[in-house]
Amino acid sequence: MIKDYSANGTKEKATELIDRLVFMFPRGSAMQGEPVKAKNKLRKHKWWTWWGGTVTFEEIIHGEGKNVEFKRELPKQSERYIKSIIAFANTAGGKMVIGVEDESRAIVGVEDSSVFDIMDAIANTVSDMCFPQIVPDISFQTVDHKCIVIVEIYPGPNRPYYIKALGKEEGTYIRVAGTTRKADVLKIKELEMQ
């Protein structure tokens, strides 16, 4: 049973979204080739699964928050998304979903032919720009015949994380509610003590 959001009309949105999903299951999965059973299981358990991670209905329906950020496309200036990745590693972790409009939460997707290029670009950029090293879990899913890329960042054990080129004082970021903010000197000291 889907959680009742009928007060603000989101139950219907969630149900409609489930009905439009296209599933990708690894070979040997118990649900491979059984989309009807998979859809029913999805409705029952209120989650989507793909290689490497999960996203709840609440994350899509409620939009961006402390642990979720949407990007319509991968920004050409890598610093624009690296700040969020660093912020997730410095706080409670989170997911960046590329191919979802952040205002409307509409699934716009990314070009199918560029999915692996996007995944490689993110992995290389994170490796080149972040210090200490952050290892993101990067995966993809097809929803409504559109590919989305999911970058999951776990809370880091070696805080503070920062942009190498900017240094610790200028390149350390944290998440505050649904925003990425530059950490001040006191916050950096607090991160160092964790």
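Details
- Nonlocal amide H pairs with F70, under 5 Å, H built at 1.01 Å: V97
- The residues of segment 150-194 have, on average, 58 Å² of accessible surface per residue, using a 1.4 Å probe with all protein chains present.
- Across K146/K182; K76/K187; K71/K187; K66/K189, pairs whose alpha-carbon gap is larger than 25 Å: K146/K182; K76/K187; K71/K187
- Portion, in percent, of the accessible area of segment 85-157 that falls on carbon or sulfur, probe 1.4 Å: 50 percent
- Full-stretch length increase - E103, D128 - with 0.36 nm per residue and alpha-carbon distance subtracted: 6.0 nm
- Once the C-beta distance of K187 and R80 is scaled by a Förster radius of 22 Å, the resulting FRET efficiency is 0.55 to the nearest 0.05.
- Residue-wise HN-Hα couplings along segment 95-101, as the Karplus relation 6.51 cos²θ - 1.76 cosθ + 1.60 with θ = phi - 60° gives them from phi, are 10, 10, 10, 9, x, 10, 5 Hz; Gly and Pro carry x.
- ³J(HN,Hα), Karplus 6.51/-1.76/1.60, whole Hz, each residue of segment 76-87, x for Gly, Pro: 5, 8, 4, 4, 5, 9, 5, 4, 5, 4, 5, 4
- The label point for N67 and the one for E170, both projected 7 Å from the Cα toward the Cβ, are 3.4 nm apart.
The values are calculated or read from the model by the stated rules, or taken from the named source; none is laboratory data. Since this is a predicted model, take the numbers as computed values, not measurements. When we count neighbours, we look across all protein chains shown, and the Cβ atoms used for this are built from the backbone with ideal geometry, even at glycine. Accessible surface areas use protein heavy atoms only, side chains included; no ligands, DNA or RNA. Shrake-Rupley method; radii C 1.70, N 1.55, O 1.52, S 1.80 Å.
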